[in-house]
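What follows is a short report on a single structure.
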4 protein chains.
Amino acid sequence: MAIVGGSGYAGGEFLRLALFHPHLEVTQVTSRRFAGEPVHFVHPNLRGRTNLKFIPPERLEPADILVLALPHGVFAKEYERYRPLGKVVLDLSADFRLKNPDLYRRYYGEHPRPDLLGSFVYALPELYREALRGADQMAGAGCNATATLLGLYPLFKAGLLQPKPVFVTLLISTSAAGAEPSPASHHPERAGSLRVYKPTGHRHTAEVVENLPGRPEVHLTAIATDRVRGILMTAQAFLHDGWSERDVWQAYREAYGGEPFVRIVKQKKGIHRYPDPRFVQGTNYADIGFELEEDTGRLVVMVAIDNLVKGTAGHALQALNLRMGWPETLGLEFPGLHP
Amino acid sequence: MAIVGGSGYAGGEFLRLALFHPHLEVTQVTSRRFAGEPVHFVHPNLRGRTNLKFIPPERLEPADILVLALPHGVFAKEYERYRPLGKVVLDLSADFRLKNPDLYRRYYGEHPRPDLLGSFVYALPELYREALRGADQMAGAGCNATATLLGLYPLFKAGLLQPKPVFVTLLISTSAAGAEPSPASHHPERAGSLRVYKPTGHRHTAEVVENLPGRPEVHLTAIATDRVRGILMTAQAFLHDGWSERDVWQAYREAYGGEPFVRIVKQKKGIHRYPDPRFVQGTNYADIGFELEEDTGRLVVMVAIDNLVKGTAGHALQALNLRMGWPETLGLEFPGLHP
Amino acid sequence: MAIVGGSGYAGGEFLRLALFHPHLEVTQVTSRRFAGEPVHFVHPNLRGRTNLKFIPPERLEPADILVLALPHGVFAKEYERYRPLGKVVLDLSADFRLKNPDLYRRYYGEHPRPDLLGSFVYALPELYREALRGADQMAGAGCNATATLLGLYPLFKAGLLQPKPVFVTLLISTSAAGAEPSPASHHPERAGSLRVYKPTGHRHTAEVVENLPGRPEVHLTAIATDRVRGILMTAQAFLHDGWSERDVWQAYREAYGGEPFVRIVKQKKGIHRYPDPRFVQGTNYADIGFELEEDTGRLVVMVAIDNLVKGTAGHALQALNLRMGWPETLGLEFPGLHP
Amino acid sequence: MAIVGGSGYAGGEFLRLALFHPHLEVTQVTSRRFAGEPVHFVHPNLRGRTNLKFIPPERLEPADILVLALPHGVFAKEYERYRPLGKVVLDLSADFRLKNPDLYRRYYGEHPRPDLLGSFVYALPELYREALRGADQMAGAGCNATATLLGLYPLFKAGLLQPKPVFVTLLISTSAAGAEPSPASHHPERAGSLRVYKPTGHRHTAEVVENLPGRPEVHLTAIATDRVRGILMTAQAFLHDGWSERDVWQAYREAYGGEPFVRIVKQKKGIHRYPDPRFVQGTNYADIGFELEEDTGRLVVMVAIDNLVKGTAGHALQALNLRMGWPETLGLEFPGLHP
């Protein structure tokens, strides 16, 4: 397999996972800037684990599986060049996540190839497992959309929520902004900050709305902590009268009872009562919790994921495992660290 | 003046401010556990700045000003003992913040002296400046209530918001849980965590509701980051049709035009566009920002404060300055650090 | 296999590694305080990965392999009770690391069973690989000793260093102090601190001196950062006249040429030029670097490890793999994360 | 007064201090990049505290006091241009710190104006108080040199140390590398790292050696933590036979007995036993501690400072206070925060 754009954080994370996957052999990793350097020059964790060097994208040769981790917009523009280079294509950018061209236009501008929207399967196994098994074109979900969808999908599917706006607050991390230095990412400015990144208008809203039953009104606010990895999503919604905590449990169990990477975290005692992104760091888990305020019907949903694993490279590899007919959890076994 | 409970974080912060206040002389600081130790044994920043030692509470003698920083419930129970010891009494606990005994009961249980509820002035100068000038009994506001009230009060007062629930997300800090070690505060467990602390039922809801015009429906969710100090409040509300960003500006200007410690932070460019608790650390500022989503009328309000200064000891000292007829900003000049 | 003291950080880390080891089956984990609770109550990363519950130590039954992670001193006192419960015994405490009773006495006090000193093999594979293959009693090395020994051993063995004191500065982490809360580990006190923990007299000095050829004079100073995991060791020594950087390279290559978990990290460019504990977090790697000041002969050696993996549970599992005749790297493959 | 280079961290910190100094009025602050922007655009802590805007350096007009915070080398090259613009000149760069041109050449290269070396007074009040009172040209000390000199000077002056190499380990912060973004300072790469920055050859060695009696052999190793501010220096030395802890106390008392900003921190109990850069953050304090290993005579000295205050702008302002005949502590009163 080949990875296009392997010096960024998404591509680098897919590379890490693929190097330890028993059925994958990474033979090419591209990077324009670091062409010629060993991959561990950029990703120091991979030192001693591979002799791969970055190649310039021009030298890319056909591969059975092509994973694209390019900046948003590049693949869509160069689809004709890249598509033939992989039998199976897995794109980690936002280019082909959406089906609706109007939604795309609103959040990203005009799409260069609107005819192709809809030809990729959204690579979130919990929502599209069956479709992924036969997919030759897969589009990885956005990290914030992943957290939001995993938390809300079962509730909308089960019809538990009142038709009111749902408010989602996303606590995100600095790796979400990518590997490119900028004044905003300069450590002395960034460390210790809680920076409201997108109070309104977050692009992942489009994916969330498109993949929830009934296209509900969902409002996203993204705040960047100074964690390097991780997302904590909290959502505020109201249950229909008459529904109780038991029904919420039931909705999650029905949706995720057999899911290998979804855990319900809701304890009455102890210090780890709710999902915490720290304890899923490096893993493909989505930890989901909730609390119901009995007298008002207000439901608070919490989801913790690692934005680069379950939020990006992990669910993409999980989808690839499905596509290839391999055990779904292959290469995704790391359980995370404590403390 | 005397400080009761000076080894905790609220009392220690008031002590720090008072030691550098030109008109205050701290003559007594109590601590049962550290009686006999110099105050710098607990507060290492005060080394070399004072020779004060902690005394046991039993040795407390009358003072012109008595600041109480005891665990919630203690002062209410021992009101008869402590009240005569100070001509002016400033309580930093939750005991006398509320006026309504039902609200108190709902969030804290039965009040030992419901007859006294209402006899203290709520020590938030931006809301109760005139009342504070003549107050002999003042009750400091809760830190999360301070952030929430400062952000929402002008909007409710100006009648800008639709009568819908307002959702408030509070990113809080580990100092908020106090100076007492516990398994939950053990550093290896706590560092790097984003811990949902109170998804529903936060006690400060009572203060927020009681002090906003019309007792609106406000829902609080508190999430603890691993910052030591600071609060970032974000609130989600909807403007009435027809109101615009200009009206929001106007509401804040009317409410806070002359306020020495409120700054509106809303920049179109640069890396410091919105309030960030990091840059008000150690200061008495409340930085307020907002963003309006034009097509939906959704208003996101942001407030950053230092929970121990503007959220606790700082607004209390500001209130005391008012009470004593001193310049309101005295002892509260520190501008914070960058980077 | 069974783990005694599985709710602490060392025992918990061994548990994590063992659960994912293809030839190990953990059947018992003891904890007095958490007996009856599922192991994920304490170690949230293990949720969904095992149904094991803690049992009280009294219920411990014989096992093929017994890993002891008790507080220092307990195993030595209860040797008669625990020893028969495991065919192979692997102790992670300091009780049987030393051979010399005088050294033990100086740093730990009187040993309850001095007759047994010397009957355990020091479980550092890089130094004692052959002895470990036949060992039924193994004593895990101290985390700081591991970092120091791995950095200095090849230099002393090759006779490169002048007979002058070697100064070792250890930057350590908060997990090193264990899972027990204390005023010193209270998050608001500990976060952001650089706390000199042991300027002189560090206990691991004994292990370092005992395992280096010629018992050289080595001085340790330990400073605790607020990282949760990781050690960065720097050592200051002088090369004999006439030796050059090339000879240092040669010494490390000879000692570690075939080592699966030692990497020499010394790059002339880039941002990851030297060992950094961040990039070995969760892994069994010891990254070693050095720099020679040509005109003075001063050699600075740097070693980065994860104190709980390569510093404790990881080298212990590596030793166990050797003892059992399994591939040495089994269960220790995780490469760490970037970013 | 005027500040040249006010958008950097050193210049910005001097600006913050000067704005709150009762006898200083800042009338000009230059920045080429941010000319025309209010100073709070770069330094968000100064919002609402001043209406100053950056001006381009070309527009600089004469001032009574000129503080230069330019990149190393610029002032030396443009001395003829800048010198006449200030009656009193205070340079925060390394250009005129040294007296010996050979030392300068070794660490910085050829000096453009070697004739001027020696014409500036080294602005460390603890070492050169009397000379500073009459100085029209002052050169601020390097931050690491400040910490090292303050820790070692009294020991060398009192003749306590054996003539052996002294090893200094400096734990430094990310603000030390300045305000310019780079791949090395990109937050996701930098956060959580312990990066050995200068194992050998640190430039501040020159200042340390030049200002210690007898030009001793002192070796510096600098390691960057991910703190934003602060330095923790530890030094390893040996006392002459016969000297004891009491003599070390005596040496520090003699040197610093009357110093307003030096505190000896050495407690037998409690959690704040030694100097910690966290608790001097934002302050002009240098906290000094030590520990003696009785049987070997090894002395470990510890110094904690804020690199931007006591390490740069703070000691410079203290020197300026001396020069102007003002109370030495003016504008430097902030005591730091706890917790």
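Quick notes on this one:
- Output for the stretch C:293-321, where each listed residue is part of a strand (DSSP E or B) and aliphatic (A, V, I, L, M): C:L299, C:V300, C:V301, C:M302, C:V303, C:A304, C:I305
- Checked against (1) in a strand (DSSP E or B); (2) among the charged types (D, E, K, R); (3) within 14 Å of another protein chain (Cβ to nearest Cβ), B:R33 passes all but a single condition, namely (1).
- The number of residues in the stretch B:283-321 being over 13 Å from the mean Cα position of the chain (by Cα) and crowded, with 23+ Cβ neighbours inside 10 Å comes to 8.
- Residues of the stretch C:1-50 satisfying the condition of being surrounded by fewer than 24 Cβ atoms within 10 Å (Cβ to Cβ), among the aromatic types (F, W, Y) and within 26 Å of C:P327 (Cβ to Cβ): C:F20
- Residues in the stretch D:39-83 that are in a helix (DSSP H, G or I), touching a residue at least 24 places away in the same chain (Cβ under 8 Å) and under 30 Å from B:K268 (Cα atoms): D:V39, D:V42, D:N45, D:L46, D:P57, D:R59.
- Residue within the stretch A:259-272 that is within 14 Å of chain B (Cβ to nearest Cβ) and within 23 Å of A:S93 (Cβ to Cβ) present: no
- Members of the stretch B:99-123 that are touching a residue at least 12 places away in the same chain (Cβ under 8 Å), part of a loop (DSSP other than H, G, I, E, B) and in contact with a Phe, Trp or Tyr (Cβ under 9 Å, 6 or more places away or on another chain): B:K99, B:H111, B:P112, B:R113, B:L117, B:G118, B:S119, B:F120
- Test for D:E217: is it open to solvent by 40 Å² or more (accessible area, probe 1.4 Å), within 9 Å of another protein chain (Cβ to nearest Cβ) and either touching a residue at least 60 places away in the same chain (Cβ under 8 Å) or over 19 Å from B:P38 (Cβ atoms) (or both): yes
- Of all residues in the stretch B:186-214, those that are open to solvent by 10 Å² or more (accessible area, probe 1.4 Å), in a loop (DSSP other than H, G, I, E, B) and hydroxyl-bearing (S, T, Y) total 1.
- Subset of the stretch A:224-233 [more than 7 Å from every other protein chain (Cβ to nearest Cβ), buried (at least 24 other Cβ atoms within 10 Å of the Cβ) and of a type in the set (A, V, I, L, M, F, W, C)]: A:I231, A:M233
Residues are listed down the side, and each one gets a yes or a no for (1) touching a residue at least 24 places away in the same chain (Cβ under 8 Å); (2) in a loop (DSSP other than H, G, I, E, B); (3) outside the structural domain of C:L232 (by TED's automatic domain parsing); (4) open to solvent by less than 10 Å² (accessible area, probe 1.4 Å):
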{"residue": "C:L150", "(1), (2), (3), (4)": "yes, no, no, yes"}
{"residue": "C:Y153", "(1), (2), (3), (4)": "yes, no, no, no"}
{"residue": "C:K164", "(1), (2), (3), (4)": "yes, yes, no, no"}
{"residue": "C:S175", "(1), (2), (3), (4)": "yes, no, no, yes"}
{"residue": "C:P181", "(1), (2), (3), (4)": "no, yes, no, no"}
{"residue": "C:A184", "(1), (2), (3), (4)": "no, no, no, no"}
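- The number of residues in the stretch D:20-30 being free of Cβ contacts under 8 Å to residues at least 60 places away in the same chain and either of a type in the set (F, W, Y) or part of a loop (DSSP other than H, G, I, E, B) (or both) comes to 3.
- Criterion applied to A:A131, A:A145 was being in contact with a His (Cβ under 8 Å, 6 or more places away or on another chain) and either away from chain B (no Cβ under 14 Å) or part of a loop (DSSP other than H, G, I, E, B) (or both), and the one residue passing it is A:A145.
- Failed criterion for D:R273 (all others in (1) more than 18 Å from D:K157 (Cα to Cα); (2) at pLDDT below 95; (3) not polar (S, T, N, Q) hold): (2)
- Filter result for the condition that a residue is assigned to a strand (DSSP E or B) and either among the charged types (D, E, K, R) or within 26 Å of D:F41 (Cβ to Cβ) (or both), over B:F279, B:F290: B:F290
- Test: D:R129 is open to solvent by 10 Å² or more (accessible area, probe 1.4 Å) and within 19 Å of the chain's Cα centre (by Cα): yes
- Filter result (facing another protein chain (nearest Cβ under 7 Å) and either open to solvent by 50 Å² or more (accessible area, probe 1.4 Å) or farther than 27 Å from B:S182 by Cβ (or both)) within the stretch A:273-282: A:G282
Residue by residue, here is whether (1) in the same structural domain as B:A135 (by TED's automatic domain parsing); (2) farther than 23 Å from B:N307 by Cα; (3) crowded, with 20+ Cβ neighbours inside 10 Å; (4) within 18 Å of the chain's Cα centre (by Cα) holds:
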{"site": "B:P57", "(1), (2), (3), (4)": "yes, yes, no, no"}
{"site": "B:P62", "(1), (2), (3), (4)": "yes, yes, no, no"}
{"site": "B:P71", "(1), (2), (3), (4)": "yes, no, no, yes"}
{"site": "B:R81", "(1), (2), (3), (4)": "yes, yes, no, no"}
{"site": "B:V88", "(1), (2), (3), (4)": "yes, yes, no, no"}
{"site": "B:S93", "(1), (2), (3), (4)": "yes, no, yes, yes"}
{"site": "B:R97", "(1), (2), (3), (4)": "yes, no, yes, yes"}
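- Test: residue in the stretch B:234-254 that is open to solvent by less than 10 Å² (accessible area, probe 1.4 Å) and at the interface with chain D (Cβ under 10 Å from one of its Cβ atoms): no
- The stretch C:322-339, subset in a loop (DSSP other than H, G, I, E, B) and open to solvent by less than 20 Å² (accessible area, probe 1.4 Å), residue farthest from C:R97 (Cα to Cα): C:P339
- Which listed residue is β-branched (V, I, T), over 26 Å from C:G192 (Cα atoms) and touching a residue at least 40 places away in the same chain (Cβ under 8 Å), from B:V280, B:V309, B:V228, B:V301: B:V301
- Every condition in (1) basic (K, R); (2) more than 8 Å from chain C (Cβ to nearest Cβ); (3) more than 26 Å from D:G86 (Cβ to Cβ) is met by D:R195 except one, and the failing one is (2).
- Here is the figure for the stretch A:255-266: residues that are in contact (Cβ under 8 Å) with a residue 40 or more places away in the chain and either closer than 27 Å to B:S193 by Cα or open to solvent by less than 20 Å² (accessible area, probe 1.4 Å) (or both) total 5.
- The set of residues from the stretch C:192-208 being in contact with a strand residue (DSSP E or B) (Cβ under 6 Å, 6 or more places away or on another chain) and closer than 14 Å to C:N100 by Cα comprises C:T205, C:V208.
Okay, residues lined up against (1) of a type in the set (D, E, K, R); (2) touching a Gly at 6+ places or on another chain (Cβ under 9 Å); (3) within 13 Å of another protein chain (Cβ to nearest Cβ); (4) in contact (Cβ under 8 Å) with a residue 60 or more places away in the chain:
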residue	(1), (2), (3), (4)
D:E189	yes, no, yes, no
D:T200	no, no, yes, no
D:R203	yes, yes, no, yes
D:N211	no, no, no, yes
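The values are calculated or read from the model by the stated rules, or taken from the named source; none is laboratory data. Because the structure is a prediction, the values reported are computed rather than measured. Ideal geometry is used to build each Cβ from the backbone, glycine not excepted, and the neighbour counts take in all protein chains shown. Side chains are part of the model used for accessible areas, which takes the heavy atoms of the whole protein and leaves out ligands, DNA and RNA. Shrake-Rupley method; radii C 1.70, N 1.55, O 1.52, S 1.80 Å.
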